[in-house]
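J.: Sharing a structure, written as structure tokens. Questions coming.
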Amino acid sequence: MKQKLQYLLVDRERLAAHLAEQEILAAEASDGTHIYRCRRGAQESLVIALANGQGLIVSGESAAPLDRRRPPR
């Protein structure tokens, strides 16, 4: 089943609140940018904290399964 990606541009306060609610699975930093792989229950997200104080939260939403049956004739 494919997942649709959703992203949300947030400020520093919303980013901190999101990270406080999550279990952080992995973290990397490079040139003022921090990337976190997070999980809350069965939902995973990728959080990118930029040097200017903004952040990007990327999460997956399960798409409805396709009905691949042939239509009746």
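Coordinate-derived values only; no laboratory data. This structure is a prediction, so every number in the text was calculated from the model and none was measured. Here Cβ is always computed from backbone atoms with ideal geometry, including for glycine, and neighbour counts include all displayed protein chains.
J.: Pop out the ³J(HN,Hα) list for segment 12-29 in order, Karplus 6.51 cos²θ - 1.76 cosθ + 1.60 with θ = phi - 60°, rounded to Hz; leave Gly and Pro as x.
T.: 4, 5, 5, 5, 5, 5, 5, 5, 5, 8, 9, 8, 8, 8, 7, 8, 9, 9
J.: 7 Å from Cα along Cα→Cβ at both Arg14 and Arg40: what's the point-to-point distance in nm?
T.: 1.3
J.: Related question: Test of understanding: what is the full-extension gain from Tyr7 to Leu50, defined as 0.36 nm times their sequence separation minus their Cα-Cα distance?
T.: Contour length minus the Cα-Cα distance gives 14.0 nm.
J.: Moving on. Quick one: what are the phi-derived ³J(HN,Hα) couplings along segment 30-42, Karplus 6.51/-1.76/1.60 with θ = phi - 60°, whole Hz, x for glycine and proline?
T.: Each residue's phi maps through the Karplus curve to give 7, 6, x, 9, 10, 10, 10, 9, 10, 9, 9, x, 8 Hz.
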